[in-house]
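For reference, the structure discussed in these notes is given below.
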Amino acid sequence: MLTTIFAKPIIDIGVIIASFDKAKQRAVALKEIGYIFKEENRTDRLFFTKGPENKRTHYLHVGEAGSGYIENMVIFRDYLKKHKDIAKEYEILKKKLADLYSEDRYTYTSKKEKFILSVIKKAKNNF
């Protein structure tokens, strides 16, 4: 059964690769089709965006095999699909944060992280 929650109209794509080195080599090809590499202080993913700053269309998350980054994204998604009450709680949190931090994407994203990590932990404990 499909669970729908409030979300920005952005497509999130997760890709698992063998090595970040190879992905960085492909950044030029991704740039040719409109993706921009976002330098971050993170070691668990590479992140690309598509679309103008105020109207993103795509987020491309690239994780190395074995890192668990993309796998955790899938675990989180699947858990929300199975647990409508948790999905609703996440929706409420996202709306609240969107209102508070509409002009600050970094803070909006970082404030969601604690909730997301707690759901992933809960999901993993239920396997």
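If ILE5 meets every condition in (1) at pLDDT 85 or above; (2) within 22 Å of SER102 (Cα to Cα) apart from one, which number is that one?
(1)
Only residues in region 42-60 that are more than 15 Å from LYS22 (Cα to Cα) count as the first member; pair them with residues that are surrounded by fewer than 15 Cβ atoms within 10 Å (Cβ to Cβ) and of a type in the set (D, E, K, R), Cβ under 7 angstrom, at least 6 apart or cross-chain, and list the lot.
What qualifies is THR49/LYS38; TYR59/ASP12.
When ARG56 is evaluated against the numbered criteria (1) charged (D, E, K, R); (2) within 15 Å of GLU113 (Cβ to Cβ); (3) not assigned by TED's automatic domain parsing to the domain that holds PHE115, which criterion, by number, is the only one it fails?
Here ARG56 clears every test but (2).
Within 21 Å of TYR69 (Cα to Cα), in the same structural domain as HIS61 (by TED's automatic domain parsing) and not in a loop (DSSP other than H, G, I, E, B), is that true of LYS31? Walk me through how you get there before you give the answer.
Working: within 21 Å of TYR69 (Cα to Cα): no; in the same structural domain as HIS61 (by TED's automatic domain parsing): yes; not in a loop (DSSP other than H, G, I, E, B): yes.
The answer is no for LYS31.
If you go through region 97-124, how many residues are at pLDDT below 95 and either hydroxyl-bearing (Ser, Thr, Tyr) or over 24 Å from THR49 (Cα atoms) (or both)?
Selection size over region 97-124: 7.
Determine, yes or no, whether LYS22 is without any contact (Cβ under 8 Å) to a residue 24 or more places away in the chain, under 16 Å from the mean Cα position of the chain (by Cα) and farther than 22 Å from SER118 by Cα.
Judged against the criteria, LYS22 is not a match.
The values are calculated or read from the model by the stated rules, or taken from the named source; none is laboratory data. Owing to the predicted nature of the structure, the values given are computational and were not obtained by experimental measurement. Heads up, the Cβs are rebuilt from the backbone with ideal geometry, glycines too, and the neighbour counts pull from every protein chain shown.
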